[in-house]
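FYI, it's all coordinate maths here, none of it is from the lab. In this text, all values refer to a predicted model and were calculated from it rather than measured experimentally. Cβ placement follows ideal geometry from the backbone for every residue including glycine, while neighbour counts extend to all protein chains displayed.
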Amino acid sequence: MGKPTGFLEYSREVPQRRPVLERLEDWNEVYIPFSEEKAKTQSARCMDCGIPFCHTGCPLNNVIPHWNDLIYKDRWKEAIRVLHSTNNFPEFTGTVCPALCESSCVLGINESPVSVKAIERSIIEYAFQHGWITPESPKKRTEKTVAVVGSGPSGLAAAQQLNRAGHRVTVYEKNAHIGGLLRYGVPDFKFEKNVLNRRIEQLQEEGIVFITKKNVGVDISAQELRRSYDAILLCGGTEASRDLKVPGRGLKGINFAMEFLPQQNRRIAGEKTDPEKDLFATGKRVIVIGGGDTGADCLGTSLRQKAASVHQFEIMPKPPLERALSTPWPLWPLKLRTESSHEEGGIREWGLATTKFEGNANGIVTKLHAIRVGPPPDFHPVAGTEFSLDADLVILAMGFSGPAQNGLLDELGVALDTPSTVSTDKEFMSTVPGIFSAGDMRRGQSLVVWAISEGRNAARCIDKYLMGASSLPS
């Protein structure tokens with residue numbers, strides 16, 4: 001260990017957020033980067049714990065104590081090599097991952113855990129600044145071809161791994177630009193797209209072919225793909241939003257989060273949007289239904305668009321301020337989390353269920369009716385707690401039910417585990433030989449860190465399928 005007594009000497013620090021009034025006037029990232037010295041100091045808190053639970057707490061099995069020790073010793077180039085050995089895109093996880101590793105940090109049993117996420121981001125940014133992130137093209141080609149459908153983190157991770165194994169990889173994306181929900185679903189104030197763009201440039205230089213504006217199953221048939229490639233990997237994101245089936249749902253002004261958030265991302269990127277479908281919170285009384293990360297993203301976006309007011313409702317009860325007894329270490333803790341958007345304004349409430357919407361003569365929503373409810377699983381209504389709230393824009397951010405349905409899965413003939421997730425064996429192969437799946441399309445709505453892990457593992461299985469064996473790491 002770099003400093004065995006570091007955890008006794010230093011307190012936990014995380015990157016600071018820019019002042020609220022400043023960041024509400026732009027779409028730039030809210031966090032101020034760590035200095036090198038601060039990252040080194042925080043890495044010194046990593047203790048000689050014997051069994052580092054952070055390894056298994058992270059879906060990528062990142063060897064966290066190793067790179068903490070390396071940067072404490074000012075060996076940054078070795079640190080990025082260790083970090084990249086398990087994670088293709090640490091700048092993604094170091095920005096948007098909820099840091100599952102920190103919840104299982106041994107120091108976290110009775111102290112604040114090591115600031116793993118901030119240190120990870122510091123390592124990759126240092127590496128980019130010093131020009132260490134360069135294309136790594138394969139020394140020879142196998143002439144095997146693989147199509148990756150979907151360019152989110154699972155598809156990109158799989159594509160990079162397969163390309164480095166020497167296969168010819170083509171990634172298909174239905175949108176105008178690569179990145180999936182990372183590009184179109186996550187606001188720029190949470191994840192600036194230059195972070196994504198520089199990595200895509202590297203992948204292109206390594207030899208990966210990207211084809212945009214091609215919706216497989218619509219613009220190009222699944223059968224054409226099967227004829228053209230030796231293997232296909234399905235990595236579509238979960239874009240089918242969970243709906244709220246209550247009276248008045250059909251009124252205008254009630255929209256899904258994935259109708260609202262991507263529009264703003266497209267505007268920032270200079271992409272054209274349909275004026276007839278444009279959604280703005282400006283001057284409106286906004287209600288966001290859903291208390292998770294997507295709901296918080298809608299809150300922050302509405303505030304930057306200068307909404308008149310924003311309420312965020314969640315049906316679950318308010319979590320405790322500290323780790324709940326039901327989720328002891330090293331489990332992911334049930335506790336109240338305050339995102340940057342929650343600092344910026346709006347009213348946040350728990351234990352509420354929407355009962356109906358009311359509209360005007362033009363069919364536009366004007367009011368939401370709700371009632372307070374008890375805890376899960378029954379969510380019994382609490383008598384006498386009914387209320388209504390004026391609304392001009394309602395955003396449904398209650399999660400996702402699965403990938404978008406465009407006929408692709410039916411055309412391929414793959415079996416499903418649920419109405420929308422692809423059934424696979426332990427080798428990530430579907431019920432149709434040569435067709436694989438990874439990420440949200442296989443496991444359902446999940447985290448970026450799980451998507452990268454899935455992509456890496458699927459790539460190893462595809463390489464093994466094509467070549468009989470694989471030297472790719474999982």
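Observations, loosely collected:
- Proxy reagent accessibility, fewest Cβ within 10 Å first, across GLU322, GLU259: GLU322, GLU259
- Simple point charges give the picture: +1 on the Cβ of Lys and Arg, -1 on the Cβ of Asp and Glu, and for the range 344-474 a dipole about the Cα centre of about 340 debye.
- Scaled radius of gyration (Cα, divided by 2.2 N^0.38 Å) that the range 390-474 gives: 1.34
- Packing-based order for 7-15, 83-91, using average beta carbon neighbours within 10 Å, highest first: 83-91, 7-15
- For the range 309-380 and the range 15-69, distance of Cα centres in Å: 28 Å
- Amide H contacts of GLY217 (H built 1.01 Å from N, in plane; Pro and chain starts excluded): ALA222 sit under 5 Å, all sequence-distant by 5 or more or on other chains.
- Along the range 246-262 the Karplus relation, 6.51 cos²θ - 1.76 cosθ + 1.60 evaluated at θ = phi - 60°, assigns HN-Hα couplings of 10, x, x, 4, x, 5, 5, x, 10, 9, 6, 4, 7, 9, 8, 5, x Hz to successive residues, with x for each Gly and Pro.
- Simple point charges give the picture: +1 on the Cβ of Lys and Arg, -1 on the Cβ of Asp and Glu, and for the range 6-129 a dipole about the Cα centre of about 160 debye.
- Where both bridge residues fall in the chain, DSSP classifies roughly 35% of the beta bridges as antiparallel.
- Cα centre as origin, Lys/Arg/Asp/Glu Cβ charges: the chain dipole, Debye: 440 debye
- The range 346-409: C-alpha gyration tensor shape, a/c 1.5 cut-off, then a/b vs b/c: oblate
- Per the Kirkwood formula applied to alpha carbons, the chain shows a radius of gyration over Rh ratio, Rg over Rh, of 0.97.
- GLU271 paired with GLU343, simple spin-label distance in nm, labels 7 Å along Cα-to-beta-carbon: 2.9 nm
- Rg over Rh, two decimals, the range 103-254 (C-alpha only, Kirkwood Rh): 1.07
- Charge dipole (the range 6-129, unit charges on Cβ, about Cα centre) - positive-most of PHE92, GLY57, ILE32: GLY57
- Beyond 22 Å in Cα-Cα separation lie the following of the pairs LYS213/LYS306; LYS77/LYS193; LYS284/LYS367: LYS213/LYS306; LYS77/LYS193.
- Summing charges over neighbours of GLU349, with a neighbour being any other residue whose Cβ is under 13 Å away from its Cβ, gives +2 when K and R count +1 and D and E count -1.
- Candidates GLN160, THR145, GLY444 compared by Cα position along the dipole of the chain: farthest toward the positive end lies THR145, with charges placed on Cβ.
- Point-to-point label distance, ASP26-ASP425, nm (Cα→Cβ direction, 7 Å offset): 5.3 nm
- Summed side-chain charge close to ASP219 - residues other than ASP219 whose Cβ falls under 9 Å, Lys, Arg +1, Asp, Glu -1: +3
- Whether the range 243-398 is rounded, prolate or oblate, judged on the alpha carbon gyration tensor where a/c under 1.5 counts as rounded: oblate
- Here the peptides 390-402, 123-135 are ranked by packing, the mean other Cβ count within 10 Å, and the order with the highest first is 390-402, 123-135.
- Label separation (VAL432 vs TRP329): 4.9 nm, computed from points 7 Å beyond Cα along the C-beta direction.
- Cα shape, the range 6-129, gyration tensor, a/c 1.5 rule: prolate
- Measuring from each cysteine beta-carbon in the chain, the ones with no other cysteine beta-carbon under 4.7 angstrom are CYS46, CYS49, CYS97, CYS105, CYS235, CYS298, CYS461.
- Förster-model FRET efficiency, 30 Å R0, CYS49 and ARG18, C-beta, rounded to 0.05: 0.30
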